[in-house]
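All remarks here apply to the structure that follows.
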Amino acid sequence: MDKLKLIEAILNSDCKTSSTGVNAETFLEIGKVYAVRTVTMIYTGRLKAVNAQEYLFDEVAWIPETERFKDFAETGAHKEAEPYPGKVVIGRGGLLDAFEIPSVIRKQK
């Protein structure tokens, strides 16, 4: 019996795993678009994968300045955006909070 199956048997619960089989329990859903606040930055992007230590986002933008935060959270309204050319890995320990936004932000502003 592998370790994950043993832990599930002990806890009598289902542990979520990523496509690699690594325990990756999270409330975030693969494929949805999120705004993510870290200690120093705000990112937006589509969640592609999760492992035990990191989140992988695609279609990512760094948001240096938002509109009123409530408006940003509801609509993605922002004053500045710097799109990344590729995927971004964010360490799970650096994430402060995350919430869904309606669409990815890909235009530099």
> Using a cut-off of 29 Å between alpha-carbon atoms, which lysines can reach Lys79, once sequence neighbours fewer than 8 places away in the same chain are excluded?
Replying inline: Lys32, Lys48, Lys70, Lys87, Lys107, Lys109
>> Straight-line reach only, C-alpha to C-alpha below 18 angstrom: list the aspartates and glutamates that Lys5 could link to, leaving out same-chain residues fewer than 8 apart.
In response: Asp14, Glu25
>> Could you work out the pair-distance distribution P(r) of segment 26-100 from its alpha-carbon pairs, with 10 angstrom bin width and percents rounded to whole numbers?
In response: 20, 58, 21, 1
>> Through the Karplus equation 6.51 cos²θ - 1.76 cosθ + 1.60, θ set to phi - 60°, convert the phi angles of segment 37-45 into ³J(HN,Hα) values in whole Hz; use x for Gly and Pro.
In response: 9, 10, 4, 10, 9, 10, 10, 10, x
>> With unit charges on the beta carbons (Lys and Arg positive, Asp and Glu negative) and the dipole taken about the Cα centre of segment 26-100, which residue among Pro64, Ala49, Tyr34 sits farthest to the positive side?
In response: Ala49
> Amide H to amide H under 5 Å from Ala81: which residues, 5+ apart in sequence or cross-chain, H placed 1.01 Å off N in plane?
Replying inline: Lys109
>> Can you work out the Karplus-derived ³J(HN,Hα) for every residue in segment 55-66? Use 6.51 cos²θ - 1.76 cosθ + 1.60 with θ = phi - 60°, whole Hz, and x for glycine or proline.
In response: 10, 10, 10, 10, 6, 8, 9, 8, 10, x, 8, 9
> Say a paramagnetic label sat at a point 7 Å from the Cα of Glu80, along Cα to Cβ; which residues of segment 33-49 have their backbone N under 13 Å from it?
Replying inline: 41-42
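Laboratory data are not the source of any read-out in this text; all were calculated from the coordinates shown. This one's a predicted model, so the numbers in the text were calculated from it and none came from an experiment. Using ideal geometry, Cβ is built from the backbone for each residue, glycine included, and neighbour counts are taken over all protein chains shown.
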